[in-house]
Amino acid sequence: MGEEQYEWVKKYLVSRPSVVGVYAALLAFRVAYVKRLYLRDTIDIDAMIDAVLDDVKLTIPRFTGRPVEAIEAGGQFLRDLITDLGATDSLEEAKFSLEEIELKYINRFNEPLKRYSDRLVRSLDPEETDVLSRILLSVKRREIIGEYTAAGSALIYMPGLSLNAYSIAGLDPLDLEDLFSCMVIARVGEDAAIPSYFFSREFEEKLAKAARA
């Protein structure tokens, strides 16, 4: 697919909520669709889209105060995405298309996340700020990671978190998962996706500044 074939995505990026919805849907769909192709499972596209949107609804309210608008944009985007992908059963072709879309629009996708991250950092106490920084470091070290997208988003195996795959002394695993979820834009069953913005130098500096305050 040529890059020009992804121009249709723009029509759904009309507001911050719609951008959040499209980005969450893109990452959640990647987790679900690519995993099914990898496992060679039979894919019912309509059912999978419905399941993905149900999962996205769990995390979208953290990132926008207009979740209905976000979900509607995400759902419409996914139905166009299926048309664009066609009937491919190639894992590499599907991953390539999804990664090209994320790379092409990564700056648009990051814009509402920057605003959200400002609110997030202001809401944290010093201990939470420290823990969040250590969670990101653990992901960077691939201690609880499945893979990175080409744009730098992390696809996470969630049980690795609840099983406390890395040690943070004195912190309840449930508290840890709640903090972790502050960065999870899409959760699909046991899996989840953290957008690349949360691994950026900009966000790292926001956390460091909060820690010094």
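Things worth noting here:
- Residue pairs, from the table K57/K95; K11/K57; K35/K206; K10/K57, whose Cα atoms sit over 31 Å apart: K35/K206
- Each label was represented as a point 7 Å from its Cα along the Cα-to-Cβ direction; for K104 and D178 these points are 4.1 nm apart.
- In region 3-111, the alpha-carbon atoms span a convex hull of 90 Å³ per residue.
- Nearest-0.05 FRET efficiency for R66 and E4, computed from C-beta distance (R0 45 Å): 0.90
- Spin-label pair E190-D130: with each label point 7 Å from Cα along the Cα-Cβ axis, the two points sit 3.2 nm from one another.
- Here's the list of aspartates and glutamates a cross-link from K209 could span, going by alpha-carbon distance under 15 Å and ignoring same-chain residues fewer than 8 apart: D118, D125, E127, E128, D130.
Bear in mind these aren't lab numbers, they're just calculated from the coordinates by the rules spelled out. Only a predicted model underlies this, so the values are computations on that prediction, with no experimental measurement involved. Using ideal geometry, Cβ is built from the backbone for each residue, glycine included, and neighbour counts are taken over all protein chains shown.
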